[in-house]
Amino acid sequence: MEKEMKRKTHKDFDLSQFGDDKQAAMAKMYEDTLINFKEGSIVPGKVVEVRNNEVLVDIGYKSEGLIAGEEFRDLATLKPGDPVEVVLEQIEDDDGKIILSKTKAEQQRMWDNVLSSSEEGSVLEGEIKSRVKGGLIVDVSGVKGFLPGSQLDVVPVRNLDDYLGKRFEFKVMKIDRERRNIVLSRRDLIEQRRRDKRKSLLADIKIGQLRSGLVKNITDFGAFIDLGGLDGLLHITDMSWGRVSHPSKILKVGETTEVVILGIDFEKERVSLGLKQKTPNPWDNIESKFPVGSRVHGRVVNLVPYGAFVEIEEGVEGLVHVSEISWIQRVGRASDVLAISDEVDAVVLNINRADQKISLGIRQTTANPWDTVRDKYPVGSRVKGIVRNFTSYGAFVELQEGIDGMIHVSDMSWTRKVNHPSEILKKADTVDVVVLEVDPSNQRISLGLKQAQSDPWSSIAERYKVGQKVTGKVSKLASFGAFIGLEEGIDGLVHISQIGDQHLEKVRDALKVGQEVTARVVKIDPVERRIGLSIKAATMPDEEFVVQEDMLTGLKPGEDLVDLAGAFDEAFGVSQANGQVQEWRPGDKKNAKDDEKNEKK
């Protein structure tokens, strides 16, 4: 900063050798010489002498100043008497010499010239010279300006070195006169000019126009296209009539593309663009191209849990629901049988042009085996199958690939109450069964295991007679009596009153499971599948045996009658209410069809 130095006066010099008048005149001349010189000011001078890499310059002061030769661009052509402007840096140093600078004088002149022609907001041209921390140095008519890295362009710049040595126009953002500092921005200038172009472009574009633009940026949801000062959004759904996994599959940053103007928001200065609208919508005549019932060929483009989307033409996809993939295979997920890019044949089942939906079926390309199942497995026929799976109410038997029949637990044994099919069957067993019912519409076949065997109760009356003595082992104890195993699957019941002559409180006090006993048959009921036994009557002589009422009821005269059948019902899980046997509901044969349907679901 310029400042006026404390000057020496004539009193600081020895003038005693001169007369009074001479002394006064010389003192005045010295004072006049100093009065116009200020440190930091630009003063005119002339070359006195060019020495070895030094130039002696006279500025009209009492002494000359030396300036280093590197401050002169044309040192070789410099000669005495040439005019030169310099900055007076210091009037006198410690040696009494003045310090001058030609470079600083040039810088000051350039700075003054820039300031005189520029202000904040004005536009200057300059050359990017070097990189510094946080930005770049720009030479503007010899003056160094600072360009922050963020102000170089409207898009992020990865390598600042790519801009070194290039000339651009810049907008003056800030001028610090005290520090002689200028802050520049190229980005602001670009944005300002883009705003001007944007307004002009908005006034010119119209919906439906075709415009060429540069792909500026790509996101997951679309691409931004520079239309020449105005960015438009090309949404991913408007890129193609077909499926687009990502915008980068269609466009690349930096390439030029032609788009259709779909919408204009003048208030927000936004434009919606379309690429697929350049071609006809394939859904416009979809019914004539793919009528219902026609066979099509396509490629699997997407898989979801409930089905597969198949592209049958660019921009046209149909859905094959899991239920329409196979006639016989139970498909839980489409991905279990199909993969992306699989080529498949299908039949058009339904078209909804308004919602752009097509329902397809793959299984319809082959014959439905259930259409002929009634002929192949007529009711009453004996067939073989493999046990495939169990449920709580029965077993599924595979008769052929994809065709299963179901054996309900009630159709597994003539003699046993089966609680779970695993008591009779094992998975992968081969079994002989009889077809009981065929329902192609619901894809159901009912099978019987016991029906393929003879019913031991059908001839029970031939093997056992009332009064006959039999031997068997105790198979089960109940509060009301004991069951005696007479043969495989045939049990007889001894009521607690018929175990012995003495009154029993508990059956286990007299009998144990596995114990062999001899009893006499007192009742046979083939319809109800029941045999009544009496251990007590077995001790009677044959000629004295007579069936008495208490043998059948288990009660003494005068007590309430409880039919012997009630004991069987209680033992085998059947309840009595109001004198009528009530069937068990969960999993019984009556509800087997509903249970099977739920199992398939």
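The values are calculated or read from the model by the stated rules, or taken from the named source; none is laboratory data. Bear in mind that the values here come from a model prediction, so they are computed numbers and not experimental data. So basically every Cβ, Gly included, is an ideal-geometry build from the backbone, and we count neighbours across all protein chains shown. With ligands, DNA and RNA removed, areas are computed over all heavy atoms of the protein, side chains included. Shrake-Rupley method; radii C 1.70, N 1.55, O 1.52, S 1.80 Å.
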Qualifying position, being modelled with pLDDT of 50 or more and open to solvent by 20 Å² or more (accessible area, probe 1.4 Å), among 548, 498: 548
Filtered residue count, region 307-354, keeping only those that are among the aromatic types (Phe, Trp, Tyr) and assigned to a strand (DSSP E or B): 1
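Residue under question is residue 150, and the condition is that it be under 37 Å from the mean Cα position of the chain (by Cα) and either assigned to a helix (DSSP H, G or I) or among the hydroxyl-bearing types (Ser, Thr, Tyr) (or both); does it hold? Reasoning before the result, please.
Working: under 37 Å from the mean Cα position of the chain (by Cα): yes; either assigned to a helix (DSSP H, G or I) or among the hydroxyl-bearing types (Ser, Thr, Tyr) (or both): yes.
It is true that residue 150 is under 37 Å from the mean Cα position of the chain (by Cα) and either assigned to a helix (DSSP H, G or I) or among the hydroxyl-bearing types (Ser, Thr, Tyr) (or both).
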Where a residue in region 420-449 is under 22 Å from residue 379 (Cβ atoms) and its partner, wherever it lies, is of a type in the set (S, T, N, Q) and assigned to a helix (DSSP H, G or I), with Cβ under 8 Å and at least six apart: 433/451; 434/451; 436/451
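When residues of region 258-273 are filtered for being part of a loop (DSSP other than H, G, I, E, B) and hydrophobic (A, V, I, L, M, F, W, C), how many remain? Full working, then the answer.
To start, the set of residues in region 258-273 that are part of a loop (DSSP other than H, G, I, E, B) comprises 266-269.
Filter again for hydrophobic (A, V, I, L, M, F, W, C), leaving 266.
Looking only at that region, the number is 1.
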Matching residues in region 155-176 - criterion: being at pLDDT 85 or above, open to solvent by 50 Å² or more (accessible area, probe 1.4 Å) and not in a loop (DSSP other than H, G, I, E, B): 161, 162, 167, 169
Segments classed as strands (runs of 3 or more DSSP E), wholly inside region 370-487, with at least 3 members that are more than 30 Å from residue 520 (Cβ to Cβ): 382-391, 394-400, 403-408, 430-439, 444-448
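Residue-by-condition table, conditions (1) at pLDDT 75 or above; (2) open to solvent by less than 90 Å² (accessible area, probe 1.4 Å):
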residue	(1), (2)
100	yes, yes
107	no, no
112	no, yes
122	yes, yes
126	yes, yes
Residue among 446, 392, 410, 441 that alone is of a type in the set (Ser, Thr, Tyr), under 44 Å from the mean Cα position of the chain (by Cα) and at pLDDT 90 or above: 392
The listed residue being under 60 Å from the mean Cα position of the chain (by Cα) and open to solvent by less than 60 Å² (accessible area, probe 1.4 Å), out of 532, 481, 489, 485: 489
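Can residue 505 be described as open to solvent by 30 Å² or more (accessible area, probe 1.4 Å), under 30 Å from residue 381 (Cβ atoms) and not in a strand (DSSP E or B)? If you could, list the steps in order and put the result at the bottom.
On the way: open to solvent by 30 Å² or more (accessible area, probe 1.4 Å): yes; under 30 Å from residue 381 (Cβ atoms): no; not in a strand (DSSP E or B): yes.
No: the conditions fail for residue 505.
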Cβ pairs under 6 Å, 6+ apart, first in region 317-340 and among the polar types (S, T, N, Q), second modelled with pLDDT of 90 or more and assigned to a strand (DSSP E or B): 335/303
